[in-house]
1. How high is the relative contact order of segment A:3-114, in percent, counting Cα pairs under 8 Å that sit 6 or more residues apart?
2. Given springs between every Cα pair under 10 Å in a Gaussian network model of chain B, which of B:Thr94, B:Thr307, B:Thr347 has the largest fluctuation?
3. Counting other Cβ atoms within 10 Å, keep those with at most 12, restrict to DSSP loop, and tell me which trypsin sites (Lys or Arg not before Pro) in segment B:96-147 are left.
4. If N is the number of residues in chain B, what value comes out of its Cα radius of gyration divided by 2.2 N^0.38 Å?
5. Please state the relative contact order of chain B as a whole percent: Cα pairs under 8 Å, 6+ residues apart?
6. Mean-square fluctuation check for chain B, GNM, Cα pairs under 10 Å: which of B:Ala12, B:Ala290, B:Ala227 is largest?
7. What's the exposure ranking of B:Ser131, B:Ser106, going from fewest to most Cβ atoms within 10 Å?
8. Take every Cα pair under 8 Å in segment B:1-155 that's 6+ residues apart, average their separations, divide by the length, and report that relative contact order as a whole percent.
Amino acid sequence: MRREERLEAIGVADGDALIALADEVLDTFDVEVTRGPTVGLLMVRVEEPVERLPFNFTEVTVSEAEVGAGSHRGYAMLMGKHPERALAAAVLDAAVEAEHVLSPRIIEFLAAARDTEADAWAARWSRIAPTRVRFEDMT
Amino acid sequence: MGYSSVRGGLDAIEHAERLIDLTVVDSPHQVELPQVRDHLQLLLDQVMGEGGVYDPDLGALAVKQAEGDPIEASFLLRAYRTTLPRLGYSFPSTGRALRVMRRISSAFRDIPGGQVLGTTRDYTQRLLDFSLTSRREPSTLIAPLVDAPAAGEFPLVIDGLRDEGLAAPAPVRQHDEEPFDITREPMRFPATRAGRLQVLARGETGAMLSLAYAGLRGYGGAHGYVAELRSGDLPVMISHPVTGNPVRIGWVPVTECYQVVGGQASLQEGERHDYDLGYGIVTGRNERKAISMSILDGSLRKREKSTQPLEDEEYVMYHIDAIEAMGFVEHLKLPHYVGFTASLQRTSRVRELAQAARSRG
């Protein structure tokens with residue numbers, strides 16, 4: 001699982017389970033918090049379609065954290081006001097980078113979170129799909 | 001009767017504040033935040049859009065605290081956002097990346113990928129449903145599992161117009177100028193298009209609807225056709241600070257409107273096309289505002305402007321912001337004792353002078 005895929009999966013993982021897994025990792029893994037955890041705003045930009053001009057559309061709240069473990073860095077940014085979750089996610093990211101003994105479980109956990117999200121989207125779409133329509137002229 | 005400035009009243013003011021607090025919480029049926037998120041979604045979307053902050057948890061809290069007043073709730077969100085640091089900027093997302101959940105065209109019957117009605121009240125009758133007066137089970141929905149749409153399954157309808165040469169093609173490359181940010185700088189005129197779009201995206205739904213309606217009725221608006229109205233989830237992409245690669249950290253639900261405006265020239269130099277475009281994008285499901293935004297954008301993009309109000313960007317941009325408008329109108333209820341006393345004194349003096357003049361004959 002690529003690093004970017006990990007961060008994407010962290011954003012959809014169950015928060016309590018993520019924190020519990022990070023706590024377990026921290027029993028045998030020393031980290032130094034190098035950034036945050038901070039709650040702040042991310043400005044979401046949109047490219048409008050006429051002139052392909054980016055503009056500032058809306059802000060979203062985000063939580064961000066970064067940790068160091070030896071020469072390895074762990075980073076996380078999540079949408080919403082979840083600083084504890086962001087810190088836990090950064091710990092898991094660093095643990096995978098450092099090939100901690102629990103790395104396979106972390107990756108398995110994140111892969112399951114990603115699959116659950118994909119299933120949820122498919123289920124949402126399945127509810128919508130019957131409204132797909134081709135109109136016919138009445139003339 | 002005398003008018004003068006006053007002091008005091010602190011006890012009464014504090015009591016009034018406690019009354020507001022009781023209004024929110026003094027009930028055996030207190031509103032829970034998940035109820036707002038799950039059942040007042042459209043109000044929540046409006047509040048987050050006009051507050052300029054997408055966060056359903058904070059939005060729900062604001063709605064509860066404001067007793068459902070959308071302007072007050074968006075004011076709370078805007079006030080709260082000033083306490084938070086700006087941590088960064090996303091890569092610009094486009095409607096092409098939207099995870100589509102509704103997509104219709106009133107200009108074309110057949111569109112590539114087909115129309116998707118999605119969740120809509122467009123075909124319902126406006127009759128009160130008394131079965132909702134008490135708790136009831138949801139109706140059965142027969143929806144077999146199907147695969148989610150593939151990327152690119154719903155291309156933009158305006159691409160067809162562009163392919164036909166009826167609308168100006170999109171520039172090959174994205175503009176690279178830093179967009180204006182209304183949260184950091186005061187409005188200036190003439191405004192940049194980026195600044196205009198940001199102000200429109202944060203505008204108040206009712207005000208924008210009213211202006212767009214006035215425009216359609218002949219006060220300078222762009223009466224076009226909805227080439228496409230789509231809603232879904234927009235990816236929020238950032239640069240991973242370690243690898244530098246784009247990464248999606250989540251989604252923001254949005255509604256987009258692509259308005260085709262007839263008879264206007266596009267901005268492409270040296271070319272004129274039969275149709276121009278107006279664009280609207282808003283947070284959440286708020287089609288009324290998205291369509292209104294596309295009408296106002298189309299009006300403000302006109303190259304040859306009339307003196308109609310909707311083609312005046314100062315008029316439009318200054319009057320669609322709910323917080324500004326609310327603040328200015330509602331400040332009139334705050335004490336103006338000194339000012340009005342002065343007005344009364346002037347009036348009284350003028351009356352005396354007029355009386356004296358009449359007496360002199």
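Bear in mind that the values in this text are calculations on the coordinates, not laboratory data. Just so it is clear, the structure is predicted and the values come from calculations on it, not from any experiment. Virtual Cβ from ideal backbone geometry, glycine too; neighbours counted across all protein chains shown.
1. 31 percent
2. B:Thr347
3. Filter output for segment B:96-147: B:Arg109, B:Arg121, B:Arg126, B:Arg135, B:Arg136.
4. 1.23
5. 18 percent
6. For chain B, modelled as a Gaussian network with Cα springs under 10 Å, the answer is B:Ala12.
7. Working: B:Ser131 8, B:Ser106 13.
Ascending number of Cβ neighbours within 10 Å: B:Ser131, B:Ser106.
8. With pairs under 8 Å counted, the relative contact order is 15 percent.
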